[in-house]
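Here's the structure, in structure tokens; my notes come after.
The values are calculated or read from the model by the stated rules, or taken from the named source; none is laboratory data. Predicted model, so just to flag it, every value in this text is computed and none were measured. Cβ coordinates were reconstructed from backbone atoms using ideal geometry, including for glycine residues, and neighbour counts include every protein chain displayed. Ligands, DNA and RNA are stripped out before the accessible areas are found, and what is left, the full protein with its side chains, is counted by its heavy atoms. Shrake-Rupley method; radii C 1.70, N 1.55, O 1.52, S 1.80 Å.
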Amino acid sequence: MTHDVTDHDSWNYSPHKTPKAPNIKLGDIHGVLPFDGVRNPGARSATSHKVWFPYQTPANDWKPKVAICESAAEAAVALDALITPNVHDVSFQPLTVHYQLDGKRRQYTHDLLITFNNGYRRLLFVRNDASLGKPKTQREIRAIEEMTPRNAANDLKVVNALDFPRQKRENLFRMHAFLQDPDPEADDLVIATARSLSELWQMKDLFPHVDLPQKRIFRACYRLVARRQMLADLNNVFLETSRVEVAP
């Protein structure tokens, strides 16, 4: 009796299941402090945008350190904290808690821990809008909060990823990058000019009045908005034609 062998791809149209790839691990980087979270969120994913970036805080004496975020929204929330003047430190994946949900034992690693200059500590729970609208997620948040040690932080804040659309994320990435390349002369000239102008509507209105290359003025505007000295709508891409004003 003969046996006909049919090629796998001619009858099974589903993708071939491959072993799960391990999390990406960075080696030592000269002059950069390593990632120190309790969990490495850098798994390969076809749906979630993993983000690695270096950051600096007063807590680390401004030495660059590796950050790893599980999503672009989480990275944007972290960058928003990092450019906030009264933030002393940002910790990624700082601690894991065990909790019960619907009769099952689970574990959760907090996304971010923000430490302010006055010592106040805040845990951040970042999740997309669809998930936050589910009753199960609300029960999960309450269970996590209940099982988080009281000495871990002063409070826990839920952050909706919907508050960080793509345009705002891109603005925050650039702000953080430009703050790592300080230019005090340009910043001082731009903010002084902005305060002296009787009419200021768009960023480009500053260009004829500041005796600097347009590139330096552009970057200075980003840094000034990041430091809350100027105001702009960050939910739209921040460009030369964007509306700007001096902070009160």
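Tabulated data
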| quantity | calculated |
| --- | --- |
| Every residue from the range 82-109 that is within 13 Å of Leu123 (Cα to Cα) and touching a residue at least 40 places away in the same chain (Cβ under 8 Å) | Ser91, Phe92, Gln93, Pro94, Leu95, Thr96, Val97, Thr109 |
| Some residue of the range 66-77 being within 25 Å of Val225 (Cβ to Cβ), open to solvent by less than 60 Å² (accessible area, probe 1.4 Å) and acidic (Asp, Glu) | yes |
| Yes/no for Asn23 being more than 17 Å from the chain's Cα centre (by Cα) and over 23 Å from Lys136 (Cβ atoms) | yes |
| Pair list, Cβ under 6 Å, 6 or more apart: the range 172-195 residue free of Cβ contacts under 8 Å to residues at least 40 places away in the same chain and of a type in the set (Gly, Ala, Ser), other residue surrounded by 13 or more Cβ atoms within 10 Å (Cβ to Cβ) and in a helix (DSSP H, G or I) | Ala186/Arg216; Ala186/Ala220 |
| Yes/no for Asp102 being surrounded by fewer than 21 Cβ atoms within 10 Å (Cβ to Cβ) and at pLDDT below 95 | yes |
| Meets criteria (over 15 Å from the mean Cα position of the chain (by Cα) and closer than 26 Å to Ala247 by Cα) for Gln214 | yes |
| Subset of the range 25-43 [surrounded by 13 or more Cβ atoms within 10 Å (Cβ to Cβ) and of a type in the set (Val, Ile, Thr)] | Val32 |
| Residues of the range 59-110 classified as in a helix (DSSP H, G or I) and touching a strand residue (DSSP E or B) at 6+ places or on another chain (Cβ under 7 Å), total | 10 |
| Residue within the range 216-231 that is open to solvent by 60 Å² or more (accessible area, probe 1.4 Å), farther than 28 Å from Asp163 by Cα and not small (Gly, Ala, Ser) present | yes |
| Condition check for Arg127: surrounded by 17 or more Cβ atoms within 10 Å (Cβ to Cβ) and farther than 30 Å from Val244 by Cα | yes |
| Meets criteria (in contact with a Leu (Cβ under 9 Å, 6 or more places away or on another chain), within 25 Å of Val32 (Cα to Cα) and among the acidic types (Asp, Glu)) for Glu170 | no |
